[in-house]
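Everything on this sheet refers to the single structure shown next.
The values are calculated or read from the model by the stated rules, or taken from the named source; none is laboratory data. Remember, predicted model here, so these are calculated numbers, not experimental data. Don't worry about glycine lacking a Cβ; one is built from the backbone with ideal geometry, like all the others, and counts go over all protein chains shown. These area figures cover heavy atoms from the full protein model, side chains too; ligands, DNA and RNA do not enter into them. Shrake-Rupley method; radii C 1.70, N 1.55, O 1.52, S 1.80 Å.
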Amino acid sequence: MIRAVIFDLDGVICSTDQYHYQAWRRIADELEIPFDERVNDQLRGVSRMESLEIILKQSKSGKLFTSAQKEALAKCKNEYYRELLNQMSPADLSNEVKETLLELRARNYRIAIGSSSKNAGLILEKIGLDGFFDAVTDGTCIIRSKPDPEVFLKAAEALGVNPEECIVVEDAEAGTQAARAAGMRCAAVGAAAELGEGNWQMEKFSELLGIVEE
Ligand code: B16
Ligand code: MG
């Protein structure tokens with residue numbers, strides 16, 4: 001029986017992809033590294049430092065960076081990104097997502113966020129969902145990023161439920177793999193759904209209300 005739903009944040013509850021893209025693009029341009037949507041797609045759900053490694057791998061010059069330089073680049077990207085996040089507001093939360101979350105809560109499902117992002121708190125505040133979830137597990141609480149199951153297992157623990165009682169909602173392949181490794185079923189949206197990942201591929205977020213009752 002399903003008792004809880006764990007939501008990824010970026011690409012599921014709201015869309016911050018374009019801000020990640022713009023911020024990484026600025027860094028890549030400064031370093032003269034080719035960067036496009038195809039590379040950006042590989043960054044979904046993976047941590048900031050791992051994202052940077054993927055971008056640096058595209059470099060044609062073969063220039064090597066020290067750990068300190070990488071830290072500085074990641075910090076700089078985050079500053080660009082947070083500047084862009086400032087324009088977010090409750091209008092960035094769709095009615096469909098909001099109503100589905102309210103209905104899950106009305107049916108007494110436990111709900112949590114399981115995100116790789118260290119900016120999850122700021123994003124939730126911006127879209128008006130600060131304090132809404134029963135638990136928020138994010139990049140600040142984990143050692144290993146998706147596809148490792150740590151973020152989802154910690155969320156289940158915080159909710160007081162077993163992995164098999166959870167459904168994860170994810171938009172990234174790294175996230176659907178993490179859900180599988182956690183022993184949780186997964187409803188995929190967006191890019192992950194298009195790839196046929198997860199146990200269910202949703203076209204609409206509200207389909208979740210039928211899935212949890214299956
Ligand atoms: P930050 P999610 C992930 O969030 C993003 O999909 C991914 O693109 C990003 O690199 C990662 O968070 C880390 O984000 O730099 O804000 O700590 O999809 O797991 O909610
Ligand atoms: Mg995501």
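For the stretch 154-176, check the following and say yes or no: at least one residue is more than 15 Å from ligand 2 (Cβ to nearest atom) and at pLDDT below 95. There is no residue in the stretch 154-176 that is more than 15 Å from ligand 2 (Cβ to nearest atom) and at pLDDT below 95.
Scanning the stretch 14-36 for residues that are in contact with a helix residue (DSSP H, G or I) (Cβ under 6 Å, 6 or more places away or on another chain) and within 24 Å of E103 (Cα to Cα) turns up just one, C14.
Close contacts from the stretch 29-51, counting a first residue that is among the acidic types (D, E) and a second that is open to solvent by less than 70 Å² (accessible area, probe 1.4 Å), with Cβ to Cβ under 7 Å and a gap of 6+ residues or different chains, come to D41/A191; E50/S145.
Inside the stretch 204-214, residues that are more than 18 Å from the chain's Cα centre (by Cα) and open to solvent by 70 Å² or more (accessible area, probe 1.4 Å) make up a count of 3. Within the stretch 79-99, being within 16 Å of ligand 2 (Cβ to nearest atom), outside any helix (DSSP H, G or I) and farther than 13 Å from Y19 by Cβ holds for L93, S94. Scanning the stretch 50-86 for residues that are under 18 Å from D36 (Cα atoms) and either among the polar types (S, T, N, Q) or open to solvent by 60 Å² or more (accessible area, probe 1.4 Å) (or both) gives E50, S51, E53, K57, Q58, S59, K60, S61. Taking every residue in the stretch 10-26 that is in contact (Cβ under 8 Å) with a residue 60 or more places away in the chain and in the same structural domain as I113 (by TED's automatic domain parsing) and pairing it with any residue that is among the polar types (S, T, N, Q) and surrounded by 18 or more Cβ atoms within 10 Å (Cβ to Cβ), at least 6 positions away or on another chain, the pairs with Cβ-Cβ distances below 7 Å are D10/T16; D10/S115; D10/S117. Residues of the stretch 151-185 that are open to solvent by 60 Å² or more (accessible area, probe 1.4 Å) and more than 23 Å from G210 (Cβ to Cβ): L153, K154, E157, A158, E173, Q177, A181.
Annotation: S89 fulfils all but one of (1) away from ligand 1 (no atom under 16 Å from the Cβ); (2) over 21 Å from V12 (Cα atoms); (3) in contact (Cβ under 8 Å) with a residue 12 or more places away in the chain; (4) surrounded by fewer than 17 Cβ atoms within 10 Å (Cβ to Cβ); the unmet one is (2). Scanning the stretch 1-40 for residues that are aliphatic (A, V, I, L, M), near ligand 2 (Cβ under 10 Å from one of its atoms) and touching a Ser or Thr at 6+ places or on another chain (Cβ under 7 Å) gives a single hit, L9. When L64, L43, L102 are checked against the criterion of being at pLDDT 95 or above and either within 16 Å of ligand 2 (Cβ to nearest atom) or more than 16 Å from the chain's Cα centre (by Cα) (or both), a single residue qualifies: L102.
With respect to (1) open to solvent by 40 Å² or more (accessible area, probe 1.4 Å); (2) out of contact with any Asp or Glu (no Cβ under 9 Å at 6 or more places or on another chain); (3) farther than 21 Å from V46 by Cα, the lone exception for E194 is condition (3).
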